[in-house]
Amino acid sequence: MTWSEMQPLLEQACWETLYMVGWSTLIAVVGGLPLGILLVLTDRGGLLQNLAANKVIGQVVNIARSLPFIILMVALMGFTRSITGTTIGVEAAIVPLAVGAIPFFARLVETAVREVDHGLVEAVQSMGGNTWTIVRKVLVPESLPSLISSTTTTVVALIGYSAMAGTVGAGGLGDIAIRYGYQRFETQLMWITVAILAVVISVIQFAGDYAARSLHRRGAHSGPAPKLRLLKAAS
């Protein structure tokens with residue numbers, strides 16, 4: 001297979017992979033961020049302590065995380081068909097990708113939010129701040145570097161999941177690697193696909209690490225006193 005034959009296949013596969021991963025990441029962040037924060041708030045000693053709700057939410061998240069992605073795709077076929085009208089293609093792949101990524105991201109968010117200095121939370125409470133104010137002004141901003149790192153980890157994981165989804169007709173780079181690299185013995189095309197995935201993941205990881213480090217340095221330079229003054233002004 002010549003480069004002129006491979007180029008349109010690779011371009012289409014790259015766009016399909018980015019489309020799947022982009023939408024799945026957006027849905028995972030929208031669904032996983034509040035879920036992770038809720039796991040912290042409802043835990044023992046949390047602002048909304050509710051141990052029964054915390055155990056139920058935690059168990060659901062654990063069960064969803066424990067399922068291998070291929071099995072999850074098969075288990076969600078009926079749900080996927082009800083939403084997209086089909087079980088193959090790029091749009092259909094977004095459903096299991098997002099469902100699998102939400103609990104994964106939620107646990108990362110939980111870990112990031114737990115790292116926030118509890119003294120800041122108590123300071124805002126002493127100023128009369130309610131739960132929503134604490135979440136919006138303390139928990140999310142203070143854990144932002146870790147949340148950026150968590151998002152980066154989720155994107156990298158979703159790229160791997162999308163490649164697996166390609167093996168069952170979802171499209172993208174995984175589909176190209178299987179159909180041409182494996183089934184038609186186009187070894188060169190398969191290794192080009194592997195190289196593209198490696199480059200994309202490296203770029204995403206570098207960008208995420210750079211953004212997280214920049215935010216962390218900015219927060220470290222500001223110190224706690226300016227943060228509390230800003231919180232007091234906003235309350």
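The values are calculated or read from the model by the stated rules, or taken from the named source; none is laboratory data. All figures in this text were calculated on a predicted structure; none of them were measured in a lab. Every residue, glycine as well, gets a Cβ built from its backbone with ideal geometry; the counts of neighbours run over all protein chains shown. We work out accessible area using only protein heavy atoms, side chains counted, and drop any ligands, DNA or RNA first. Shrake-Rupley method; radii C 1.70, N 1.55, O 1.52, S 1.80 Å.
Between Leu67, Val95, Ala212, the Cα set farthest toward the positive side of the dipole of the chain (charges on each charged residue's Cβ, about the Cα centre) is that of Ala212. Sites listed here are trypsin sites (Lys or Arg not before Pro) in segment 13-67 whose DSSP assignment is loop and whose Cβ has at most 16 other Cβ atoms within 10 Å: Arg44. Scalar couplings 3J(HN,Hα) for segment 73-83, obtained by applying the Karplus form with A = 6.51, B = -1.76, C = 1.60 to θ = phi - 60°, are 4, 5, 5, 9, 4, x, 5, 5, 5, 5, 8 Hz; x denotes Gly and Pro. With the contact rule set at Cα under 8 Å and sequence spacing of 6 or more, what percent relative contact order holds for the chain? This gives 26 percent for the chain.
Within segment 127-174, the proportion of Cα pairs with more than 13 Å between them is 67 percent. Heavy atoms of the protein chains alone define the surface here; on that basis the chain has 54 Å² accessible area per residue at 1.4 Å probe size. Among 97-109, 128-140, sorting by the average number of other beta carbon atoms lying within 10 angstrom of each residue, highest first, gives 97-109, 128-140.
Can you give the local net charge around Gln59? Use residues other than it whose beta-carbon is closer than 13 angstrom to its beta-carbon, Lys and Arg +1, Asp and Glu -1. That sum, taken over residues with Cβ under 13 Å, equals +3. For the chain, list log₁₀ I(q)/I(0) at each q in 0.07, 0.17 Å⁻¹, using the Debye formula over Cα point scatterers of equal strength and ignoring solvent, two decimals each. Rounded to two decimals, the profile gives -0.30, -1.17. For Ser66 and Val30, the FRET efficiency from 1/(1 + (r/R0)^6), where r spans their Cβ atoms and R0 equals 30 Å, is about 0.85. Using Cβ point charges alone (K and R +1, D and E -1), the dipole size of segment 1-101 about the Cα centre works out to roughly 560 debye. When the chain is described by a simple charge dipole with +1 on each Lys and Arg Cβ and -1 on each Asp and Glu Cβ, the residue from Ser24, Gly171, Gln12 located farthest towards its positive end is Ser24. In this rough spin-label picture, where each label sits 7 Å from Cα along the Cβ direction, the Leu47-Ile88 distance is 4.9 nm.
Computed on protein heavy atoms with a 1.4 Å probe, the accessible areas place Tyr182, Tyr19, Tyr210, Tyr161 in the order Tyr182, Tyr210, Tyr19, Tyr161, largest first. Size descriptors for segment 1-48 (Cα atoms only): Rg and Dmax, in that order, 20.1, 63 Å.
Taking the 1.4 Å solvent-accessible surface of the chain as the whole, the part contributed by carbon and sulfur is 65%.
With a cut-off of 15 Å between beta carbons, the residues surrounding Thr151 carry a summed charge of 0, where Lys and Arg count +1 and Asp and Glu -1.
Rounded to the nearest 20 debye, the dipole magnitude of the chain is 780 debye, with +1 charges on Lys and Arg beta carbons, -1 on Asp and Glu beta carbons, and the Cα centre as origin.
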